[in-house]
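Input: a single structure, listed below in structure tokens.
Each reported figure results from applying straightforward, stated rules to the coordinates on display, with no laboratory input. Note that the coordinates shown come from a computational prediction; the quantities given were computed from them, not determined experimentally. Neighbour counts are summed over all protein chains in view; Cβ atoms, including those assigned to glycine, are modelled from backbone coordinates with ideal geometry.
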Amino acid sequence: MQSLESVSKLIALVLRHKPEALNLYMDGHGWISTADLIEKLNERQPFTMEMLEEIVRTDNKQRYSFNADQTKIRANQGHSIPVDLELLPLEPPTVLWHGTGEKYVESINQKGLLKQSRQYVHLTDNHDTAITVGKRHGKPVVYTVDAHAMWQEGYAFYRSENGVWLTDHVPVKFLRLS
Ligand code: HQG
């Protein structure tokens, strides 16, 4: 039997990037029917609501949320497909951080932080988290983002259900290598 961790990876793929991988319908707010998801996963290996609840409850980044009656499930952030998570603009902390790979520094220093394939640029209020995220891309480097100045100039920030800060683009003038 596959581990819950590998099922979780598949769920992340489906809920963030590719609902069609399991032939599932996603609504405009990123929700997928819980019953349909369980049915599709159960076609591959025995899979129950209890297992899904455990994945959602124990996920180390709290990547997923159920709606109130648990009939629907969605990813809290990280989408590459356009979904409206109904997040409200929120004043950010004075500084935020972005961890990335050293190999991207030259390009980031020219163009600022771009969202690339995702819906937003992902920022964190935790420096250690930024280092961990950066390690996913090779030798890590961390940028400090002058979020306060951006907010004052009218840039919108959002915070996902699991505490990730999101924005559309961080121009170079708000970035400092830390
Ligand atoms: C880089 C994980 C060149 C950017 C994490 C990043 C996060 C540029 C990469 C979430 C650039 C995109 C997202 C530019 C940005 N030139 N490279 N101008 N601007 N980049 O994976 O932020 O574990 O799409 O620095 O915790 O690394 O999946 O974004 O290195 O919250 O739940 O382009 O994914 O969460 O990479 O990670 P990604 P990310 P999960």
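Explain nothing, just compute: Karplus ³J(HN,Hα) = 6.51 cos²θ - 1.76 cosθ + 1.60, θ = phi - 60°, for every residue of region 108-116 in order, whole Hz, x for Gly and Pro.
Once θ is set to phi - 60°, the couplings for region 108-116 become 5, 5, 8, 10, x, 7, 9, 7, 6 Hz.
Using every Cα-Cα pair within region 96-177, state what percent have a distance larger than 22 Å.
Everything past 22 Å amounts to 14 percent.
Tell me whether region 4-75 comes out rounded, prolate or oblate; compute the Cα gyration tensor, take square roots of the eigenvalues as a ≥ b ≥ c, and use a/c under 1.5 as the rounded threshold.
rounded
Between 0 and 90 degrees, rounded to the nearest ten: what's the tilt of helix 4-16 against the longest Cα principal axis of the chain?
On a 0 to 90 degree scale, this one is about 70.
Counting other Cβ atoms within 10 Å of each Cβ, which GluC sites (Glu not before Pro) in region 29-132 have at most 11 and sit in a DSSP loop?
Here the GluC sites (Glu not before Pro) that fit, given the DSSP loop and packing criteria, are E86.
Divide the volume of the convex hull of the Cα atoms of the chain by its number of residues and quote the answer in cubic angstrom per residue.
122
Given q = 0.22, 0.23 Å⁻¹, what are the Debye log10 I(q)/I(0) values for region 38-117, with equal point scatterers placed on the Cα positions and solvent ignored?
Normalising to I(0) and taking log10 leaves -1.20, -1.25.
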